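Engineer: Please read through the structure below; I'll follow up with questions.
The values are calculated or read from the model by the stated rules, or taken from the named source; none is laboratory data. Here the structure is a predicted model, which means the values were calculated and not measured. In this analysis, Cβ positions are derived from the backbone assuming ideal geometry, glycine residues included, and neighbour counts consider all displayed protein chains. The area values use the complete protein model at the heavy-atom level, side chains included, leaving out ligands, DNA and RNA. Shrake-Rupley method; radii C 1.70, N 1.55, O 1.52, S 1.80 Å.
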Amino acid sequence: MLNGIPYVLMFFSGFAALGYEMVWVRALSAGLGHEILSVLAVMAAFFVGTAAGAWLLDRPIRVSLHPRCWYAVLETAIALWAIALAMIIPKVAPMGAALMGVQPSAPLQWGVTFLLPLVLLLPATMAMGATLPAMDCIVELLRCRDRLVGGLYGANTLGAVAGTLAATFWIVPAVGFKQTQHLLATVNVVCAVGVFAFRTGRMRSSQAPARKAPATTATKRLLLTLFVTGFLGIGYEVMTVRLVSQVLENTVFSYAILLAVYLLGTASGAAFYQFRLAGRPFAPLLGGLLTIQALACTAGMWLLHYSADIYALVERIGPHNAEIAVALSVFLGPTLVMGALFSHLAQAAKHHPKGLGAALAVNTLGGALSPFLFGIVLMPWWGPAGALCTICLAYLLLLPGNRRSAIWPAAACITAAGLIFTIPGPFDFNRLAPGETVMAQRHGIMASVTVVRDDHRDYHLKVNNHYQMGGTASRYSDQRQAHIPLLLHPKPQNILFLGVGTGTTFAAAAQYKGLRVEGVELIPEVVPLMPLFQSGSAQTGHPESLRVFVADARRFVLARQCEYDVIIADLFHPSRDGAGFLYTKEHFSAVRNRLSEGGLFCQWLPLYQMDLDLLRLIVRTFLEVFPQGIAFVAHHSLGQPIVGLIGGRHAISIEPGVFNQRMAVQPGLSAQLNAVGLSSIYTLLGGYLGDADQLRNFAGPGPVNSDDHPMVLFQAPKFVYASMPSASATDRIMYLVRTLSPHVETILAPAAVDAEKARLSAYWQARDAYLRTGARATPVPDLKAMVQQLAGPLLDIVRLSPDFEAA
């Protein structure tokens, strides 16, 4: 039984390591940004740290008489530094935004987002990199044999699978980042103590490594093979994740599932090697594994083309199951071979001068470089298919050149060529409805962006094959989302839009004279396509007063040292991975710090993409920072209701005379407002839902969304994955209308006359009656029957308020 303890310890060590990685990458991204370059740099820093630990600490461990003490010290160091990082990261990560500035160059951004995490994480990641060599040395003494790398590596990787899933699905959602790090540190301490549960004795002089000879040509080729296989393995992961993002839901759980399956396959391959292949001749087995690896990646590439069909086939039993099915189809075969291949190479490296630590180091270093080369260089140059074919063929170039393995290159080349040339077409997952036409398409390092025109000649923006950013059909609503907060401010001058998308909301600000307008968009491929959505053609340019920055919104707000009169946050899809950080208390506080003395912040929320519990969570968080916040509805839609939370440094109070004066001096603006139903003070304030006290009653007591505990990040996807939502969008907006009851005293300035107050109250009554009528209406195909059903209630609504033009 004691012989199994090393494998148990390696399991829990891997559990903690991947749990830390999931926490640190996301916690650091809150300050460094969510651009693909930032995310890859943080992951590379993690890999480089583990590679440095394996390279530098392997020999001291090997020559030590007490490797158990080394292992205990390593696990303890990880635990202590993780506890320290729980306090350090929230304070240091925002420094990255200040160092990079608003729109950093690629070298500056890469340098900061790589070096800052590298320095922060280095003590822990170096210790992580040395745990496998330390345990391998311990097991050699315990069992007097040395062919155990595959088993230890497999146990460690299997623990990583469990750590990935547990941290993402259960631990972090329950307790947040800080407490998760404390729990994982406890796991490290248990490993440190557990290593003394068995006795290994002292290392005998015959077992102590002799002074190693200079590296031979064979050693250099072995290390080169380890480096390249690490490079190609992570390259396959990066390319596949990037492509299947056009198929999956792209939530925080989507990536966890992909990573877990990738690691599970690797662990299974390592275990298979340990029990079935260890001890076989090196060169023939290496040739066979490299050939099978090339074929497995080619088959995975072929299955990748059909991932959308696999997803659709399994989706009927749940989106989670569909994501697992896609992950298994594209990852399981290649990663099984990857696990066996690495175990074979690492086992051989133990008998070469550089040792196991060097094998781990060069393999991990190759993995660290791979995301940049494949994700940022090779994919844009050669396209997804070209980059994946390069991976498949590169494995064949590593084949050993001796006679006993000469059969493998010929068989591999023939089979790989056959598979590659039978892949049916490019990796284009766009599914067009009848009458739809692709008008423009851009494949970038962050996303694939497509503009589609339907049979009504409306344009729609698709990002990674998902309709999440609107189009010309929603122009009415999009423009109102700009006009409402801009009109609530008496005299705005400097405006900031967080999220640009199609640019329709952003461009609406150009109708106001004298405004300086800035917009921030995360996805660079979206910006060149914005002109297509201006008047439905590509001929409309952007006014000079509008300026677009390609940057992460959170980092932009932290880095931009100026004040704004109005800040408008777009409809961020709450379930999209990373979007939850745009609803945290820390982000709202950063936005408040950028407001001028009388400034307003408006956060629009897609009520059709969230349930009421999630809305309550966001409202509680908003009111923590803007205690006098109010709520508006963007329009009178029941199918796609949009709610805005608006707050500032002071209570919001509207003077009708100021509004009327602005309309008188800007006749062009008045015409634009008429087109979107904002022709009077009554239509503007007609969307007012309730004040801060009513919002507090609606939200109730409970936690808030924070950087340490980003509950929206984990709660929002549940709405996406739910097969049967608890209520429809109509039910949710109607519940909100019933719960909130606007009063004129909380929105109109005291100078407003009684007649204005009476007309506004009547407008709200008509609005609520209009929504109730729509919710109760039964659609029928006969137009006359529909008119007869609605004519009476609509006439009653008009009698309530002649200002309510929608009726």
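Engineer: Can you name every residue in region 442-459 that is modelled with pLDDT of 85 or more and open to solvent by 70 Å² or more (accessible area, probe 1.4 Å)?
Structural biologist: Once the filter is applied, which keeps residues that are modelled with pLDDT of 85 or more and open to solvent by 70 Å² or more (accessible area, probe 1.4 Å), region 442-459 yields 442, 455, 456, 457.
Engineer: For region 1-12, how many residues are touching a residue at least 24 places away in the same chain (Cβ under 8 Å) and open to solvent by 10 Å² or more (accessible area, probe 1.4 Å)?
Structural biologist: 8
Engineer: Suppose we filter 326, 337 for residues that are within 23 Å of the chain's Cα centre (by Cα) and either part of a helix (DSSP H, G or I) or touching a residue at least 12 places away in the same chain (Cβ under 8 Å) (or both); which single one remains?
Structural biologist: Within the list 326, 337, the selection yields 326.
Engineer: Taking only pairs six or more apart or across chains, which ones have beta-carbon atoms under 7 Å, a first residue in region 113-127 that is at positive phi, and a second residue that is in a helix (DSSP H, G or I)?
Structural biologist: Listed pairs, sorted by first residue: none to list.
Engineer: Do we have residue 696 as of a type in the set (Lys, Arg), open to solvent by less than 60 Å² (accessible area, probe 1.4 Å) and either over 19 Å from residue 606 (Cα atoms) or at pLDDT below 95 (or both) here?
Structural biologist: Criteria not met by residue 696.
Engineer: Exactly one condition in (1) farther than 11 Å from residue 341 by Cα; (2) in contact (Cβ under 8 Å) with a residue 40 or more places away in the chain; (3) assigned to a helix (DSSP H, G or I) is false for residue 279; which is it?
Structural biologist: (3)
Engineer: Right, something else. Could you tell me which numbered condition residue 526 fails, if it satisfies all but one of (1) surrounded by fewer than 21 Cβ atoms within 10 Å (Cβ to Cβ); (2) closer than 27 Å to residue 443 by Cα; (3) among the β-branched types (Val, Ile, Thr)?
Structural biologist: Single failed check for residue 526: (1).
Engineer: Find the residue count for region 325-337, including only residues that are open to solvent by 20 Å² or more (accessible area, probe 1.4 Å) and within 21 Å of residue 245 (Cβ to Cβ).
Structural biologist: Counting residues in region 325-337 that are open to solvent by 20 Å² or more (accessible area, probe 1.4 Å) and within 21 Å of residue 245 (Cβ to Cβ) gives 5.
Engineer: So which of 131, 125, 157 ends up being in contact with a Cys (Cβ under 9 Å, 6 or more places away or on another chain), modelled with pLDDT of 95 or more and not aromatic (Phe, Trp, Tyr)?
Structural biologist: 131
Engineer: Can you tell me how many residues in region 29-73 are crowded, with 24+ Cβ neighbours inside 10 Å, at pLDDT 95 or above and in contact with a Cys (Cβ under 9 Å, 6 or more places away or on another chain)?
Structural biologist: 1
Engineer: Continuing with the same structure: Would you check if there is a residue in region 537-549 being farther than 30 Å from residue 650 by Cα and either in contact with a Leu (Cβ under 7 Å, 6 or more places away or on another chain) or in a helix (DSSP H, G or I) (or both)?
Structural biologist: yes
Engineer: Which residues, counting only those in region 593-616, are part of a helix (DSSP H, G or I) and either in contact with a Phe, Trp or Tyr (Cβ under 7 Å, 6 or more places away or on another chain) or closer than 19 Å to residue 643 by Cα (or both)?
Structural biologist: 607, 608, 609, 612, 613, 614, 615, 616
Engineer: All but one of (1) among the aliphatic types (A, V, I, L, M); (2) under 30 Å from residue 598 (Cα atoms); (3) within 22 Å of the chain's Cα centre (by Cα) hold for residue 447; state the number of the condition that does not hold.
Structural biologist: Status for residue 447: all satisfied but (2).
Engineer: Okay, moving on. From 588, 572, which residue is assigned to a helix (DSSP H, G or I) and crowded, with 24+ Cβ neighbours inside 10 Å?
Structural biologist: 588
Engineer: Can you find even one residue in region 485-495 that is touching a Ser or Thr at 6+ places or on another chain (Cβ under 9 Å) and open to solvent by less than 10 Å² (accessible area, probe 1.4 Å)?
Structural biologist: no
Engineer: While we're here: If a residue has to be in contact with a strand residue (DSSP E or B) (Cβ under 8 Å, 6 or more places away or on another chain) and either free of Cβ contacts under 8 Å to residues at least 40 places away in the same chain or more than 23 Å from residue 251 (Cα to Cα) (or both) to count, how many in region 441-469 make the cut?
Structural biologist: Of the residues in that region, 10 qualify.
Engineer: Check whether at least one residue in region 77-95 is free of Cβ contacts under 8 Å to residues at least 60 places away in the same chain, within 23 Å of residue 137 (Cβ to Cβ), touching a helix residue (DSSP H, G or I) at 6+ places or on another chain (Cβ under 6 Å) and open to solvent by less than 60 Å² (accessible area, probe 1.4 Å), and report yes or no.
Structural biologist: Scanning region 77-95, I find at least one residue that is free of Cβ contacts under 8 Å to residues at least 60 places away in the same chain, within 23 Å of residue 137 (Cβ to Cβ), touching a helix residue (DSSP H, G or I) at 6+ places or on another chain (Cβ under 6 Å) and open to solvent by less than 60 Å² (accessible area, probe 1.4 Å), so the answer is yes.
Engineer: For a quick check of your reading of the model, give me the residue pairs whose first member lies in region 24-35 and is under 15 Å from residue 87 (Cα atoms), whose second is open to solvent by 10 Å² or more (accessible area, probe 1.4 Å) and assigned to a loop (DSSP other than H, G, I, E, B), with beta-carbon atoms closer than 6 Å and at least 6 apart or on different chains.
Structural biologist: Short answer, once both residue conditions are applied: 30/707.
Engineer: Can you name the helices (runs of 4 or more DSSP H) wholly within region 621-722 that have at least 2 residues being over 29 Å from residue 777 (Cα atoms)?
Structural biologist: 656-665, 667-675, 692-699, 711-721
Engineer: Would region 740-751 turn up any residue that is without any contact (Cβ under 8 Å) to a residue 60 or more places away in the chain, touching a Pro at 6+ places or on another chain (Cβ under 8 Å) and aliphatic (A, V, I, L, M)?
Structural biologist: no
Engineer: Looking at residue 730 and the list (1) in a loop (DSSP other than H, G, I, E, B); (2) of a type in the set (S, T, N, Q); (3) open to solvent by less than 40 Å² (accessible area, probe 1.4 Å), which single condition is not satisfied?
Structural biologist: Here residue 730 clears every test but (1).
Engineer: What residue, of 290, 223, 295, is modelled with pLDDT of 90 or more and either open to solvent by 10 Å² or more (accessible area, probe 1.4 Å) or under 28 Å from the mean Cα position of the chain (by Cα) (or both)?
Structural biologist: The conditions single out 223.
Engineer: Looking at region 155-175 only, could you name the residues that are in contact with a helix residue (DSSP H, G or I) (Cβ under 9 Å, 6 or more places away or on another chain), open to solvent by 10 Å² or more (accessible area, probe 1.4 Å) and not polar (S, T, N, Q)?
Structural biologist: Scanning region 155-175 gives 155, 158, 161, 162, 165, 166, 169, 171, 173, 174, 175.
Engineer: Restricting to region 748-807, count the residues that are part of a loop (DSSP other than H, G, I, E, B), among the hydroxyl-bearing types (Ser, Thr, Tyr) and open to solvent by 50 Å² or more (accessible area, probe 1.4 Å).
Structural biologist: 1
Engineer: Here are 654, 618: which of them is more than 31 Å from the chain's Cα centre (by Cα), of a type outside the set (Lys, Arg) and surrounded by 19 or more Cβ atoms within 10 Å (Cβ to Cβ)?
Structural biologist: Step by step, each of 654, 618 is checked, and only 654 is more than 31 Å from the chain's Cα centre (by Cα), of a type outside the set (Lys, Arg) and surrounded by 19 or more Cβ atoms within 10 Å (Cβ to Cβ).
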